[in-house]
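Before any comments, here is the structure.
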Amino acid sequence: MLQRTLTILISSALLLMGCSVRTGLDNARRDDFSLFKGKSLGVVTNHTAVDSRGMHLVDLLHAAEDVKVKAIFAPEHGFRGDEEGGIHLSDNIDPKSGATIYSIYGAIRKPTKEMLDGVDALIFDIQDVGARFYTYISTMGHIMEAGAEHGIPVYILDRPNPIGRLAEGPILQQDHKSFIGMYPIPIRHGMTVGELALMIRDLGWIEHSKELELHIVELSGWNPEKPFTKTKLKWIDPSPNMRNVNEALVYPGMCLFEASNFSDGRGTEHPFEWVGADYVDNEKLIAELQKRDIPGIRINPIQYVPVDMPGYAMNPKYEGKTVNGLELTVTDPVRFRSVEFGIHLIEILYKFYPEQFVLYKPRMGRTFGNNDLYEKILAGESAAAIITAYQNELEQFVKIRGKYLLY
């Protein structure tokens with residue numbers, strides 16, 4: 001039987017009334033942070049950890065009676081979320097709480113014994129976007145592992161997955177494991193961070209998992225089968241290039257183009273929503289994509305010029321050049337399959353532009369989770385065949401996943 005420590009019960013009455021979603025932070029605050037009374041805390045968080053009133057987790061804990069914020073651990077993009085992806089960060093002091101801010105995105109990605117000195121409990125509260133290669137879930141795994149190693153309980157304050165329950169893509173193979181893919185899950189896993197944390201612990205995907213004391217502070221009122229906009233939660237950019245729900249929905253498929261010479265829209269105000277290259281005929285691409293009858297997406301032609309954007313995109317592809325692009329708008333957030341759309345677009349690009357379109361094998365292996373996409377595209381296989389090839393393992397994952405779903 002799955003062992004869970006569920007500190008907040010979901011009220012069926014609230015669900016029936018159709019009330020707005022309450023995050024794990026909202027529920028912990030409503031209980032006056034009783035879970036953390038008398039404790040010195042290590043808080044793993046960034047700017048997204050706000051309650052329904054817009055108050056930040058660290059500020060709320062600092063103001064709470066008999067609670068001490070001892071240390072803050074900042075993931076990729078930093079504590080305030082304003083650093084470009086891939087930039088290694090340095091340590092600092094939070095002026096409000098006086099806590100030391102440790103970067104755990106850089107040379108050190110897991111808190112050390114010295115960093116955890118005096119910490120009684122670890123709290124993780126970061127808004128994820130539901131894609132395997134979004135590094136916040138890798139950071140969560142490192143935090144869980146540190147908690148297990150040092151006998152420190154870990155509390156996950158849960159939040160909705162903004163792209164819902166749909167699962168897509170192949171399962172990550174062990175030989176392609178990296179910080180952008182640490183667990184054997186598909187590209188789009190369809191879980192909240194709390195649900196995924198339970199799965200990571202119970203299936204032993206971290207060291208010393210059996211020693212981990214894990215608590216999930218559940219969210220309430222969330223229906224994962226409805227679009228994120230129905231939650232009534234304010235969208236807060238979880239990273240500089242994730243600026244709205246539409247970008248989150250297209251991201252699992254469009255991020256594949258980071259392993260190519262095709263622009264993923266970085267260097268514009270619409271990353272992942274605008275994609276293209278200077279060598280393509282975008283009208284021709286759209287006509288071919290429309291033949292594929294992919295539901296839930298509207299595609300319009302667009303031209304754009306990527307520029308250097310400090311803090312957002314340094315030296316983007318096709319900087320200063322006119323890109324013939326596609327403007328992507330998700331019309332059905334529940335049905336749209338971003339990964340499948342991305343695979344179809346990659347097949348079409350290689351078919352139409354075999355000399356100009358370039359895929360980078362090592363990066364694509366880490367991003368896709370195996371070498372199948374790279375090798376099968378170059379071998380001339382169809383998108384449909386590539387998608388079919390991973391369906392059995394995906395279905396097996398979804399079956400196992402069911403044991404860990406809380407909502």
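Quick look at the numbers
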{"read-out": "Evaluation of ASN223 against (1) crowded, with 24+ Cβ neighbours inside 10 Å; (2) in contact with a helix residue (DSSP H, G or I) (Cβ under 8 Å, 6 or more places away or on another chain) (one fails), failing number", "value": "(1)"}
{"read-out": "Selection status of TYR353, farther than 19 Å from PHE272 by Cβ, out of contact with any Gly (no Cβ under 8 Å at 6 or more places or on another chain), touching a residue at least 40 places away in the same chain (Cβ under 8 Å) and not hydrophobic (A, V, I, L, M, F, W, C)", "value": "yes"}
{"read-out": "Conditions (1) among the aromatic types (Phe, Trp, Tyr); (2) modelled with pLDDT under 90; (3) more than 22 Å from LEU233 (Cα to Cα): number failed by PHE79", "value": "(3)"}
{"read-out": "Helices (runs of 4 or more DSSP H) enclosed by segment 290-407 - at least 2 residues per element that are hydrophobic (A, V, I, L, M, F, W, C) and farther than 21 Å from ARG266 by Cα", "value": "338-352, 372-378, 383-389, 391-401"}
{"read-out": "Residue list for segment 344-359, filter: hydrophobic (A, V, I, L, M, F, W, C) and under 14 Å from GLY380 (Cβ atoms)", "value": "ILE346, ILE348, LEU349, PHE352, PHE357, LEU359"}
{"read-out": "Cross-chain or 6+ apart pairs with Cβ under 6 Å, segment 153-168 first and among the small types (Gly, Ala, Ser), then not in a loop (DSSP other than H, G, I, E, B)", "value": "ALA167/ARG188; ALA167/VAL398"}
{"read-out": "Unique match (being under 20 Å from the mean Cα position of the chain (by Cα) and touching a residue at least 60 places away in the same chain (Cβ under 8 Å)) among VAL330, VAL323", "value": "VAL330"}
{"read-out": "Residue tally, condition touching a residue at least 40 places away in the same chain (Cβ under 8 Å) and part of a helix (DSSP H, G or I), over segment 230-258", "value": "14"}
{"read-out": "Residue count for segment 104-137, restricted to those that are under 23 Å from ARG243 (Cα atoms) and not in a loop (DSSP other than H, G, I, E, B)", "value": "5"}
{"read-out": "Matching residues, segment 169-209, being of a type in the set (D, E, K, R) and assigned to a loop (DSSP other than H, G, I, E, B)", "value": "LYS177, GLU207"}
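Yes/no matrix, rows are residues, columns are (1) in contact with a Lys or Arg (Cβ under 7 Å, 6 or more places away or on another chain); (2) more than 29 Å from GLY141 (Cβ to Cβ); (3) at pLDDT 95 or above:
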residue: ALA197; (1), (2), (3): no, no, yes
residue: HIS208; (1), (2), (3): no, no, yes
residue: TRP235; (1), (2), (3): no, no, yes
residue: PRO240; (1), (2), (3): no, no, no
residue: ASN244; (1), (2), (3): no, no, yes
residue: VAL250; (1), (2), (3): no, no, yes
residue: ARG266; (1), (2), (3): no, no, yes
residue: PHE272; (1), (2), (3): no, no, yes
residue: ASP281; (1), (2), (3): no, yes, yes
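The values are calculated or read from the model by the stated rules, or taken from the named source; none is laboratory data. Please read all numbers here as calculations on a predicted model, not as lab measurements. With ideal geometry, Cβ positions are generated from the backbone for all residues, glycine too; neighbour counts draw on all protein chains shown.
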